[in-house]
Amino acid sequence: MTTTSTPAPPHAPHASAPRLLGEPVGVDLARHVAAFGPLPAQHGVKRGHAGPLVAEVERSGLAGRGGGWFPTGRKMQAVVAAAHSARKDPVVVVNAMEGEPAASKDSVLVHRNPHLVLDGAVLAAQAVGASVAYVVAHRGGRSVGTLERAVEQRAARGGDPVELRVLAAPARYVASEESALANFVGEGIGLPVTVPPRVFESGVRRRPTFLSNAETMAHIALVARRGAAWFREVGDPAQPGTMLVSVSGAVANPGVIEVPTGTTMRQILGLAGGTTGPVSAAVTGGYGGSWVSASAAIDLPWTPDGLRPAGGTPGAGVLAVLPSESCGLVETARVVQWMAGQSAGQCGPCRFGLTAVSQDFAALAAARLKGTGLAGLEKRLGIIPGRGACRHPDGAVRFAASALEVFADEVKRHLSGHCSAGRRTYVLPVPAGTVTLPVDRPGEEWR
Amino acid sequence: MSGHVVIVDRIACDGFGTCAQLLPERVILDEWGYPIIDATPVHGSERQHAKRAVNACPRLALSLVKAPHDGATRTPAGPPAARR
Ligand SMILES: Cc1cc2nc3c(=O)[nH]c(=O)nc-3n(C[C@H](O)[C@H](O)[C@H](O)COP(=O)(O)O)c2cc1C
Ligand code: SF4
Ligand code: SF4
C-alpha cells in the first residue's frame, strides 16, 4: 500500500476566518448578542406560507451538514408545502445527537456557541410556520445541560417568538436517524419507523417536520443575519460556506476545525498540525461513510462531488486518519461489529445481515477467512443495501465494502493467513460497552 | 412504463416467505429468509399473483402500489432518502 506523509508545513495553510467557531461565547446570551448581533426580526411571514428566509437559505446554497448534504432551502420548502396541503402546523427538530463515534463537531459547536444553534432553530421555525422547535441531544452527553442553560438564559431575557424545548434521547446510533428522532420527539420511542411518509411530510405526531443537523441550524442563523451572498463568499460554488470537520487518528492536533467546503485533505491535515507519521488511508464522513486511500484522496476537495473519485464523502464531517502500521481490516472489523450491534433489530436484512457481515469481517481480520468466505461476504454486501426501514444497513455496508477496496492488498495477505500490521492498538473509536448484538424485542433502552 | 409494483414494509415483515412461494416471478428469499423484491411493474396475470401474495402475507407487510414508489420520486420537492 502506498503511504503518504504530510508533516506540518512551515507556514500552516491559511484558514479562512471561522464563522461558527470564531468567537466562543458559551451560554452567555449577552456575549452572544455582542458577538453576532441580536436575533433578526422576520417580516412578512404568513401562516401556511414560506417566510422570506426560506428563499434566502435556498439562494445561499446551504446543504445539510448531518451527512446527506441535501439542499436545506429545498427541504424547508417541502415542509412548508406539506404543511399547507395537510393544513397542519409544522414542527422543527434540531438533530444535535452526534451519533457518529468519530465526530465531535456538534458537541463542540454546542459547547462554544449554543445560541447560534438555538437562533437557527427559532428562525427556521418562524420561516416554516412552526410554533415549537425541539433540540435533541444524546442522553448523558454534555450538550443537553449546555442547551438547557442556554435556553434558560433566553427565557430570562424575554424569551423567543417560538417555544424551544431541549430533549435527551437514547444514546443509540440509529436513534439519531431522522425517522427515529421524530418518533422519539412525538412518541418517546427512539426507533426508526417505516418510510414513506418521510419526516418532512409526516414526522413528529404526523406533522410536517423540518429536521436538520445542529451545524446546519447554526449556518441558517448566520444566513438570516448576513445573507445568501455573504454565505457564498467562501467555499465550493456547488456547496458553499464553511464546514466543521472532526479530525482524529494519526494527526498531531486532533479536534474540530472549521474550513471552507472544497478544502483538500492535505490542507485539513496541515491545519490539524500534520500527520504523526506515514498514513495509508482515512475514514471520511463517519462509520456510515467510507474509507479512502490517503494517496488517492489527499488533494481532492471536500465536497460530495469532489471526494467521489476516491470513493469518499464529507458526510458528517469526519476525517479519521490511519497510520500505515495499522491494519485497516482489523479497524473495520471492530467498527462493523459495533455497527451490527447498533441495528435496531426491527428488519431482518439489517439484523441478520449485519451480524453475518460482522462475523465474516472478524474472520477476515483474524486471517481466518478463505477465498470462498470472501465471496460469501461480497455477496452479502451486495444484497443488504436498500432493504432496511432506515439507511443504517446501507451505511454499514458502504463502510465495509470500501475497506475491501481500499485495503485490497491487505485482503490478499489475510486470505493467505498473514497480517502486515505492526501495531496492535486501535485508532478508530468505538463507544465502550456498546458492542452488543441486536436485542430480541426493542424495549426500554429506546425510550 | 408505469404500473404497479410490490413493496415490503421491512419492519412488519417476519421472513416466513409466503410471498416467495406465491410470487416467484418477483420475490426471492435471502439466506435469512427475507424477501428480495424485483421492483419491475407487474402486468396481466402477474398482477393477480401479486394480489394473492399481498393478501396472503401474514404480517400485512406486502403491498401493491403505483410505480414509482419512493419518498423522493413521489414528492418531487422532497429530500431523497439517501444519506452520505
Ligand atoms: C443511522 C443513522 C444515524 C444518523 N445520525 C445522525 C446524527 O447523529 N446527527 C445528524 O445530524 N444526522 C444523523 N443522521 C442523518 C439524519 O437522518 C438526517 O438526515 C439529518 O439529521 C438531516 O439534517 P441535515 O439536512 O441538516 O443534514 C443519521 C442517519 C442515519 C441513517
Ligand atoms: S434498518 Fe436496521 S436500524 Fe434501521 S430500522 Fe431496520 S433494523 Fe433498525
Ligand atoms: S409473506 Fe409477508 S411477512 Fe412473510 S416474508 Fe413475505 S413480506 Fe415478509
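The values are calculated or read from the model by the stated rules, or taken from the named source; none is laboratory data. Because the structure is a prediction, the values reported are computed rather than measured. In this analysis, Cβ positions are derived from the backbone assuming ideal geometry, glycine residues included, and neighbour counts consider all displayed protein chains.
You will find that of A:90, A:24, the residue that is in contact (Cβ under 8 Å) with a residue 12 or more places away in the chain, of a type outside the set (Phe, Trp, Tyr), under 11 Å from residue A:128 (Cα atoms) and in contact with a Lys or Arg (Cβ under 8 Å, 6 or more places away or on another chain) is A:90 and no other.
The strands (runs of 3 or more DSSP E) falling completely within segment B:1-71 that include 1 or more residues that are of a type in the set (Gly, Ala, Ser) map to B:62-66.
Looking at segment A:332-386 only, could you name the residues that are within 16 Å of ligand 1 (Cβ to nearest atom), of a type in the set (A, V, I, L, M, F, W, C) and either surrounded by fewer than 17 Cβ atoms within 10 Å (Cβ to Cβ) or in a loop (DSSP other than H, G, I, E, B) (or both)? A:344, A:347, A:384 - these are the residues of segment A:332-386 that are within 16 Å of ligand 1 (Cβ to nearest atom), of a type in the set (A, V, I, L, M, F, W, C) and either surrounded by fewer than 17 Cβ atoms within 10 Å (Cβ to Cβ) or in a loop (DSSP other than H, G, I, E, B) (or both).
Residues in segment A:157-204 that are in contact (Cβ under 8 Å) with a residue 40 or more places away in the chain and assigned to a helix (DSSP H, G or I): A:173, A:174, A:175, A:176, A:178, A:179, A:180, A:181, A:182, A:184, A:185, A:204. Within the set of pairs 6 or more residues apart or between chains, which connect a residue that is away from chain B (no Cβ under 11 Å) inside segment A:342-364 to a residue that is more than 13 Å from ligand 2 (Cβ to nearest atom) and part of a loop (DSSP other than H, G, I, E, B) with Cβ atoms less than 8 Å apart? Final answer for the pair search is A:342/A:434; A:360/A:369; A:363/A:369. For segment A:96-127, taking the residues that are of a type in the set (Asp, Glu) and within 14 Å of residue A:141 (Cβ to Cβ), the one that is nearest to ligand 2 (Cβ to nearest atom) is identified as A:100.
For segment A:26-36, the criterion of a residue being closer than 30 Å to residue A:251 by Cα and modelled with pLDDT of 75 or more is satisfied by at least one position. Taking the listed residues A:176, A:104, A:212, the one that is more than 16 Å from ligand 3 (Cβ to nearest atom) and surrounded by fewer than 24 Cβ atoms within 10 Å (Cβ to Cβ) is A:104, with no other qualifying. In segment A:72-95, the qualifying residues are those that are part of a strand (DSSP E or B) and hydrophobic (A, V, I, L, M, F, W, C), and the one that is nearest to ligand 2 (Cβ to nearest atom) is A:93. Which residues, taken from segment A:40-63, are surrounded by fewer than 21 Cβ atoms within 10 Å (Cβ to Cβ), part of a loop (DSSP other than H, G, I, E, B) and either within 14 Å of chain B (Cβ to nearest Cβ) or not β-branched (Val, Ile, Thr) (or both)? Correct list: A:40, A:41, A:42, A:43, A:44, A:46, A:47, A:48, A:49. Out of curiosity, is residue A:265 away from ligand 2 (no atom under 16 Å from the Cβ), crowded, with 22+ Cβ neighbours inside 10 Å and over 16 Å from the mean Cα position of the chain (by Cα)? Yes: the conditions hold for residue A:265.
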